[in-house]
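Enquirer: One structure follows; several queries about it will come next.
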Amino acid sequence: MSSSADSTTEVRESRRPGVSSRIGTGVCAVVLALATLVTGYVVLTAFMVEPDGPWDRQAVTNSHVAAGVGLAFCSVMALLTWVFVKAEWLRRWWYAVPAVLALAALLRLTMWGPDL
């Protein structure tokens, strides 16, 4: 009976996050927060660009490029999030951040794109 009590204690102790796990969580959260700031800035730039008139095709191109770069950054963020969640350093709700930014970039590329 002693061996089953010892194994239960070992399981409980192994589930508690250690110092290295907390540091990993903090580092991952900071990396994704910085990536969110950069990606959010790029997607916001896509939304801020508006053409001055029917001749301003450069503004439309700039908006589409910024939205495309934002989508690329969202893909990288989603992959990083997947790695961090798989390593159990972060929780699943972190997937929502790149998903929301990717949705915003896609909407700017399609329905809310600037018209000439």
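The values are calculated or read from the model by the stated rules, or taken from the named source; none is laboratory data. All figures in this text were calculated on a predicted structure; none of them were measured in a lab. As a convention, Cβ positions derive from the backbone with ideal geometry for all residues, glycine included, and neighbour counts pool all protein chains shown. These accessible areas exclude ligands, DNA and RNA; they are computed on the full protein's heavy atoms, side chains included. Shrake-Rupley method; radii C 1.70, N 1.55, O 1.52, S 1.80 Å.
Enquirer: Give just the number: which of (1) assigned to a helix (DSSP H, G or I); (2) open to solvent by 20 Å² or more (accessible area, probe 1.4 Å); (3) not aliphatic (A, V, I, L, M) does C74 not satisfy?
Expert: Status for C74: all satisfied but (2).
Enquirer: Let me ask something additional. Quick one: which of L90, L109, L79 is more than 30 Å from T25 (Cα to Cα) and not small (G, A, S)?
Expert: L109
Enquirer: Okay, moving on. I'm told L109 meets every condition in (1) closer than 13 Å to A46 by Cα; (2) aliphatic (A, V, I, L, M); (3) touching a Pro at 6+ places or on another chain (Cβ under 7 Å) except one. Can you identify the failing condition by its number?
Expert: Among (1) closer than 13 Å to A46 by Cα; (2) aliphatic (A, V, I, L, M); (3) touching a Pro at 6+ places or on another chain (Cβ under 7 Å), the lone unmet condition for L109 is (3).
Enquirer: Could you say whether any residue in the range 86-108 is of a type in the set (K, R), in a helix (DSSP H, G or I) and under 12 Å from the mean Cα position of the chain (by Cα)?
Expert: Yes; the residues of the range 86-108 include at least one that is of a type in the set (K, R), in a helix (DSSP H, G or I) and under 12 Å from the mean Cα position of the chain (by Cα).
Enquirer: How many of the residues making up the range 99-108 are free of Cβ contacts under 8 Å to residues at least 60 places away in the same chain and touching a helix residue (DSSP H, G or I) at 6+ places or on another chain (Cβ under 8 Å)?
Expert: 3
Here is a yes/no grid of residues against (1) surrounded by 15 or more Cβ atoms within 10 Å (Cβ to Cβ); (2) at pLDDT 95 or above:
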| residue | (1), (2) |
| --- | --- |
| D52 | no, no |
| V65 | no, yes |
| V69 | yes, yes |
| L80 | yes, yes |
| F84 | yes, yes |
| R92 | no, yes |
| P98 | yes, yes |
